[in-house]
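For reference, the structure is listed below as structure tokens.
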Amino acid sequence: MKDTIDEALEIALAAARLAGEILQAGQPDEPRRASVTTRLKSSPTDVVTEMDLAAEKAIVEVLERLRPLDGIVAEEGSNRDSNSGWNWFVDPLDGTVNYLYGSPQWCVSIAAADSEGVCAAVVHAPALALTFYARRGKGSFRIDRQGETRLGPISEVPLDQALVATGFGYRSERRRNQARVVAEVIPLVRDIRRKGSAALDLCWVASGVVNAYYERGTNAWDIKAGGLIVEEAGGVFGGLRGESAGMAMTVAAAPKLQSELVELLTNLDADLGD
Ligand code: IPD
Ligand code: CA
């Protein structure tokens, strides 16, 4: 019989690929951009599209069929309590704005958690022909057209040479505070990247495309899968002031760089205020 974590990974991969196909098939061209926008969430720039909803529905149908007792926490609201001790964290389309604008940096992010935490994770980016996955204790991998490569260990670099990815929330009060913090960070690092998908940003850390990632205001569905992918590549994924990664702050990098960034962001009170 298959180890349950292997089975969870297989389900996550299958569900992510199915959602990826739906999203690619339904990607709007420029003239249709506005017509697929079904409603606004936290601000006029925080959109949910027909395609976010269709992708989430497809993933949830797979989980309901194969894991009927497990809980679900999904970005577009298909939530369900767990009767098995297992939970799934689903972002059907992370990088919605990139997707709408035809930029390839978007993905489907799915994490499965047992009683000890996240144990299987998939971040699937069809437009980049890339899939990242991890199982707890068994490493992180990247699948591309050439095949499969194990990730890590993530290299340490000094803070002043670090290429640092970050993201901004949708509400303008939150952004004002995030702009204050990034204005303090940018003179101290190699450069900043704002690529537009938190789940992929974590995979970029795991695969050395950037050295670090931090963001205030991420939800569980944005970061649970990417967090395991970072940890299994030898990185550290956490928050400030001894807290876990989450809404207040998420910081991911190789261990020494991660603690330097945590110290800097704590001194800037980057997790406080709006
Ligand atoms: C957003 C993206 C973005 C991050 C935001 C997220 P969405 O998710 O991950 O990079 O900066 O905090 O909300 O709205 O594209 O699913
Ligand atoms: Ca998201």
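The values are calculated or read from the model by the stated rules, or taken from the named source; none is laboratory data. Everything numeric here is computed off the predicted structure, so don't read it as measured data. Positions of Cβ are backbone-derived with ideal geometry, glycine not excepted, and every protein chain shown enters the neighbour counts. Ligands, DNA and RNA are excluded from the accessible area calculation, which covers all protein heavy atoms including side chains. Shrake-Rupley method; radii C 1.70, N 1.55, O 1.52, S 1.80 Å.
Taking all protein chains together and a probe of 1.4 Å, list 132, 237 from the most accessible to the least accessible.
On the way: 132 0, 237 45 Å².
Solvent-accessible surface, decreasing: 237, 132.
Suppose the chain between residue 149 and residue 42 were pulled fully straight at 0.36 nm per residue; how much longer would it get relative to their current alpha carbon spacing? Present the calculation step by step, with values, prior to reporting the outcome.
Numbers: separation 107, 0.36 × 107 = 38.52 nm, distance 3.81 nm.
Stretched fully, the residue 149-residue 42 segment lengthens by 34.7 nm.
Which cross-chain or sequence-distant (5 or more) residues have an amide H under 5 Å from the amide H of residue 273, H modelled 1.01 Å from N in plane?
Sorted by chain and number, the residues that satisfy this come to none at all.
Rounded to the nearest 5, what % of the DSSP beta bridges within the chain are antiparallel ones?
Numbers: 38 of 48 bridges.
The antiparallel fraction comes to roughly 80 percent.
So between residue 269 and residue 17, what do we pick up on full extension, going 0.36 nm a residue minus the alpha carbon distance?
Details: separation 252, 0.36 × 252 = 90.72 nm, distance 3.92 nm.
Additional length available on full extension: 86.8 nm.
Pop out the ³J(HN,Hα) list for the range 169-182 in order, Karplus 6.51 cos²θ - 1.76 cosθ + 1.60 with θ = phi - 60°, rounded to Hz; leave Gly and Pro as x.
Once θ is set to phi - 60°, the couplings for the range 169-182 become x, 8, 8, 5, 5, 4, 5, 4, 5, 5, 5, 4, 5, 5 Hz.
Output the peptides 203-216, 115-128, 59-72 sorted from most to least packed, where packing is the average of other Cβ atoms within 10 Å over each peptide's residues. All intermediate terms of the calculation are to be shown ahead of the outcome.
Details: 203-216: 25.1, 115-128: 21.2, 59-72: 16.9.
Ranked by mean Cβ neighbours within 10 Å, highest first: 203-216, 115-128, 59-72.
Kindly write out, for the range 133-147 in residue order, the coupling ³J(HN,Hα) from the Karplus curve 6.51 cos²θ - 1.76 cosθ + 1.60 (θ = phi - 60°), rounded to whole Hz, with x marking Gly and Pro.
8, 8, 10, 4, x, 10, x, 10, 9, 10, 10, 9, 5, 7, x
Which whole-number percentage describes the relative contact order of the chain, with Cα contacts under 8 Å and a sequence gap of 6 or more?
Details: 626 pairs, mean separation 43.1, N = 274.
RCO, the chain: 16 percent.
Using Cα pairs under 8 angstrom and six or more residues apart, how large is the relative contact order of the range 105-223, in percent? Provide the component values of the computation, followed by the final result.
On the way: 199 pairs, mean separation 30.0, N = 119.
Normalised by residue count, the contact order of the range 105-223 is 25 percent.
Could you go through the range 84-92 in sequence order and give the Karplus-derived ³J(HN,Hα) for each residue, using 6.51 cos²θ - 1.76 cosθ + 1.60 with θ = phi - 60°, rounded to whole Hz, and x for Gly and Pro?
10, x, 9, 9, 10, 10, 10, 10, x
Give the relative contact order (percent, whole number) for the range 17-146; include only Cα pairs under 8 Å separated by 6+ residues.
Working: 243 pairs, mean separation 23.0, N = 130.
That works out to 18 percent.
Pull up all non-local amide H partners of residue 249: gap of 5 or more, or a different chain, and H-to-H distance under 5 Å with H placed in the peptide plane.
Under 5 Å from the amide H of residue 249 lie the amide H atoms of 217, 240, each far enough along the sequence or on another chain.
So how strong a dipole does the chain carry about its Cα centre when Lys and Arg Cβ are +1 and Asp and Glu Cβ are -1, to the nearest 20 debye? It would help to have the intermediate numbers written out before the result.
On the way: 29 positive and 39 negative charges, 86 e Å.
For this selection, approximately 420 debye.
Would you calculate, for the chain, the mean residue ellipticity at 222 nm contributed by helices, counting each DSSP H stretch of 4 or more residues as -39,500 (n - 2.57) and dividing by all residues, to the nearest 500?
Numbers: 7 runs with 94 residues, N = 274.
Value at 222 nm, helices only, nearest 500: -11000 deg cm²/dmol.
If you place +1 on the Cβ of every Lys and Arg, -1 on the Cβ of every Asp and Glu, and leave all else neutral, what size is the dipole of the range 89-172 about its Cα centre, to the nearest 20 Debye? All intermediate terms of the calculation are to be shown ahead of the outcome.
Numbers: 7 positive and 8 negative charges, 34 e Å.
For the range 89-172, the charge dipole is close to 160 debye.
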